[in-house]
1. Looking at Val415, is it free of Cβ contacts under 8 Å to residues at least 60 places away in the same chain and either more than 30 Å from Asn453 (Cα to Cα) or in the same structural domain as Phe241 (by TED's automatic domain parsing) (or both)?
2. Filter the stretch 112-139 for residues that are of a type in the set (A, V, I, L, M, F, W, C) and either crowded, with 20+ Cβ neighbours inside 10 Å or within 30 Å of the chain's Cα centre (by Cα) (or both) and give the result.
3. Restricting the search to the stretch 292-329, which residues are acidic (Asp, Glu), part of a strand (DSSP E or B) and crowded, with 19+ Cβ neighbours inside 10 Å?
4. Do you know which residues across the stretch 330-387 are touching a residue at least 60 places away in the same chain (Cβ under 8 Å), in a helix (DSSP H, G or I) and of a type in the set (Val, Ile, Thr)?
5. Of everything in the stretch 410-426 that's crowded, with 16+ Cβ neighbours inside 10 Å and out of contact with any Ser or Thr (no Cβ under 9 Å at 6 or more places or on another chain), which residue is modelled with the highest pLDDT?
6. Taking only the stretch 194-253 into account, find how many residues are among the β-branched types (Val, Ile, Thr) and part of a helix (DSSP H, G or I).
7. Inspect all residues belonging to the stretch 91-112 and state whether any of them is in a loop (DSSP other than H, G, I, E, B) and closer than 26 Å to Pro181 by Cα.
8. Return yes when Gly161 is outside any loop (DSSP other than H, G, I, E, B), in contact with a Gly (Cβ under 7 Å, 6 or more places away or on another chain) and either of a type outside the set (D, E, K, R) or farther than 16 Å from Tyr275 by Cβ (or both) and no when it is not.
Amino acid sequence: MDSEVFGIILEYINVVFLTFTVVLFTMFTVMGYLSTRNSIHYRNKNSFGDMSKVMASPLAPSITIIAPAYNEGMTIVENIRSLMSLRYVNYEVMVVNDGSKDDTLQKMIDAYDLELIEQKIDPEWRNKPIRGIYKSPHRAFSKLTVIDKENGGKSDALNTGMALSSNQYVGCIDVDCLLLPDALLHVVKSFFQRSEKRVIAVGGVIRVANSCKINGGELEEIRLPTNWLARFQLLEYTRSFILGRMAWGRIDSLLIISGAFGFFDREIALAVGGYDTGTVGEDMEIVFKMRRYMHDCKMPYTVEYIPDSLCWTEVPEDLKIFVNQRDRWARGNLETLFKHKDMFFNSKYGRLGLISYPYWFFYEWMAPLMEFFGFFTIIIFTYLGILNWEFFIAITAAVYMFSVMFSFYAILWDVYSYNEYKKTKDILILMGCAIVEPLIFHPIVVWSAVRGNYKKLFKVKSGWGSQVRKGFAKAT
C-alpha cells in the first residue's frame, strides 16, 4: 500500500511540474510573438512625423522630472548636467535631497550656485519636513529646483516632488540615470498620441550603462559591461524590457513601470495618494493603484511603453548589493500582490485580473519558491531512490534549452531592432552568458527572491538597502 501511495504522489508531482512547464513555455512563446508585433507596430508608427519643433514650443505640455538623491555626491553634478541638457522647453528638474549624509547637497550648491528661497508649505504637510528649497539666480540653471528634506525614503521623496510640482506630468527617475536628449520628446508624444483613451503613465526600456563612456552628462560610446554580474543583468534586462514588457504593453496589461524611468499624469497620481511609503515596491504599487482607480471610475485609459533606448543606468557590480536589491524587489512584489489580492481572477478588472495578476502571482512570486523547494525535493527523492531520472533529465534539458533559446531570441531581436551593441564580439559574449546564465546567475536570483519572501512572510526587519555607485566611465 505504501508503494502505491508513493507512486500516486510521484505521478501527481510529475503532472504538476509538467503542466507548470508547458504553461510557462506557452506563455513565453506568446510573449515573444506579442513583443515582436508590438515592436514592429511601434517602429512603423514612429517612422514618420517630426515632433521636435512642436515640443520646442513654450506651449508644449509641462513636465517635472523628479529625482530623489541619497548619498549621491560622487555622481550628482554630472547626473544633473545630463538632465538639464534635454531637448525640451517646458520642463523642470526637481532634485529631492532625501537627508543625504554625504556632500550631495553641498556639491549641488557649489556647482549650480544655488540659493535658499522662500516658499510656503502647506501647514498640513504629510511628508517628512522640508529643510529648504534652493534655486539658482543664473538663467542657465533656471530649470533646476533642489529640495532638501529629512530622510523619509524614495517614496516620500517622490511624493514631495509631486506635491510641490505644478506641471501637468511628472517623471519619476533615479538620479543616477542618464536620459538621452530626446527622451522627453518621446515621453510627451506617448501621452498625446491616443485620442480615445487617457494615457495615465508612460514607461520605457532601461539600458545598462556600466562601462559605457560618458562625458559631460552625455553618452559618447556604448560598451558592453566588463563586470560579469553586470553582463548577466544586461541580458536579463534585454529579455525583460524588450520582450516581456513590450508583450504586456501590446495587450494593455502592463502592471509595472520601472522606478528608474516612469512618467505619470500628475492629477491621477495625486488622486490615488501618490507612492505608498509603506512598501519597498513603490514603482509597481502605484501602477496598480492608478489602474484600479481608472477601472473604478469607468474611465477609458491606457499605459504606454516606449522601447527606444532613452534611459541608461548603473546596475550593481557587487554580489552582496545585487542580492539585497533582488531581495527588496521580492518583498515589494509580495507586498503589492497581497495589498491588491482582491484583483486575483476578478473579471471586474478585465485582463488585469484574469491575466496580468495571475501571471505575477504564479510566475513572479511562486516560480522561484517552487524552484527552490524543488531542488530539495530532488535531493530527498534521490536519497529515497524514487526519483524518475528519465523524466527529470528530460524536463530539465527541455527547460534549459528553452531558456537559452529565448535569451538568444531576445539578444538577436534587440540587435535587429535597436542595434545598440554593434560588435560581433559583444553579441557572442552575451550569447555565451545566455548559455551559462541558468547555471550561475539564475540560482542567485532565485535565492534572493526566496530570502526576500522569507523576510516578508516571517516579518524579519529589513529596510531599503543601499547601492554604492562607482560612477560612469568618463571619456579621455
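1. On the way: free of Cβ contacts under 8 Å to residues at least 60 places away in the same chain: yes; either more than 30 Å from Asn453 (Cα to Cα) or in the same structural domain as Phe241 (by TED's automatic domain parsing) (or both): yes.
The answer is yes for Val415.
2. If we filter the stretch 112-139 for residues that are of a type in the set (A, V, I, L, M, F, W, C), which is where we start, we get 114, 116-117, 121, 125, 130, 133.
Leu114, Trp125, Ile130, Ile133 - these are the residues of the stretch 112-139 that are of a type in the set (A, V, I, L, M, F, W, C) and either crowded, with 20+ Cβ neighbours inside 10 Å or within 30 Å of the chain's Cα centre (by Cα) (or both).
3. The answer is Glu304, and nothing else.
4. Ile355, Thr377
5. Asp426
6. Applying the first criterion (among the β-branched types (Val, Ile, Thr)) to the stretch 194-253 yields 199-200, 202, 205-206, 208, 214, 222, 226, 238, 242, 251.
Next cut, part of a helix (DSSP H, G or I) only: 238, 242.
Number of matching residues: 2.
7. Going residue by residue through the stretch 91-112, those that are in a loop (DSSP other than H, G, I, E, B) are 99-103.
From what's left, closer than 26 Å to Pro181 by Cα: none.
Scanning the stretch 91-112 turns up no residue that is in a loop (DSSP other than H, G, I, E, B) and closer than 26 Å to Pro181 by Cα.
8. On the way: outside any loop (DSSP other than H, G, I, E, B): yes; in contact with a Gly (Cβ under 7 Å, 6 or more places away or on another chain): no; either of a type outside the set (D, E, K, R) or farther than 16 Å from Tyr275 by Cβ (or both): yes.
Here the answer is no, as Gly161 does not meet what is asked.
The values are calculated or read from the model by the stated rules, or taken from the named source; none is laboratory data. In this text, all values refer to a predicted model and were calculated from it rather than measured experimentally. Because the Cβ atoms are built from the backbone with ideal geometry, glycine has one as well, and the counts that use them run over all protein chains shown.
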